[in-house]
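The values are calculated or read from the model by the stated rules, or taken from the named source; none is laboratory data. Everything numeric in this text was worked out from a predicted model, so none of it was measured. With ideal geometry, Cβ positions are generated from the backbone for all residues, glycine too; neighbour counts draw on all protein chains shown.
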Amino acid sequence: MQGPICSSNSPYHANILSKSSESCWKKTRETDRVNFDGDVTVIMDDGSTWHCPIGDISLSGILLATNLNIRSGTIMDLSFSIGGYKKPIRVRGEVVRRIARENGEPEGLGVRFSEFQGDSLKRLEKSVTKTHEGDPQLLYYL
């Protein structure tokens, strides 16, 4: 399997971050998302593993900056680190949308979280809250 485009400094990554703020993501979630500088390890049900940059993250899901063409409904396990914690966040998720370029080529995946392992949700909540300290709208949603 050919690996995804994973350079966080590439024009590809900048383009997906720009696309993520467009209308296809504006009103599709109940929690605010935050930009996140990091990578995620994705483990598919067949055991294959790949890595890619994180576009943004919320308490309900994550945007993966990848050119892989994975269908909506696909279940995957995700693992990523957040500042201040040694233990990674581990969560199961489902692909809910593909973001495509104008020519139809795949550009990113929207994954909705379905099951957090251990205290992963609690740690993610703390991280998102820190990122948005003083933002009354986010605190309302938490």
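What to note about this one:
- Count of residues meeting criterion [at pLDDT 90 or above and part of a strand (DSSP E or B)] in the range 99-133: 9
- Selection within the range 99-128 - surrounded by fewer than 20 Cβ atoms within 10 Å (Cβ to Cβ) and of a type in the set (D, E): E102, E105, E115, D119, E125
- In the range 48-80, the residue that is surrounded by the most Cβ atoms within 10 Å (Cβ to Cβ) out of those that are without any contact (Cβ under 8 Å) to a residue 40 or more places away in the chain and assigned to a loop (DSSP other than H, G, I, E, B) is I70.
- Meets criteria (within 20 Å of K122 (Cα to Cα) and either out of contact with any Leu (no Cβ under 9 Å at 6 or more places or on another chain) or modelled with pLDDT of 55 or more (or both)) for L68: no
- E30 meets each of the listed conditions (1) surrounded by fewer than 14 Cβ atoms within 10 Å (Cβ to Cβ); (2) touching a helix residue (DSSP H, G or I) at 6+ places or on another chain (Cβ under 7 Å); (3) at pLDDT 95 or above apart from (3).
- G83 fulfils the conditions (1) within 14 Å of G38 (Cβ to Cβ); (2) surrounded by fewer than 17 Cβ atoms within 10 Å (Cβ to Cβ); (3) out of contact with any Lys or Arg (no Cβ under 9 Å at 6 or more places or on another chain) except for a single criterion, (3).
- Count of the range 63-87 residues which are touching a helix residue (DSSP H, G or I) at 6+ places or on another chain (Cβ under 8 Å) and closer than 14 Å to H51 by Cα: 3
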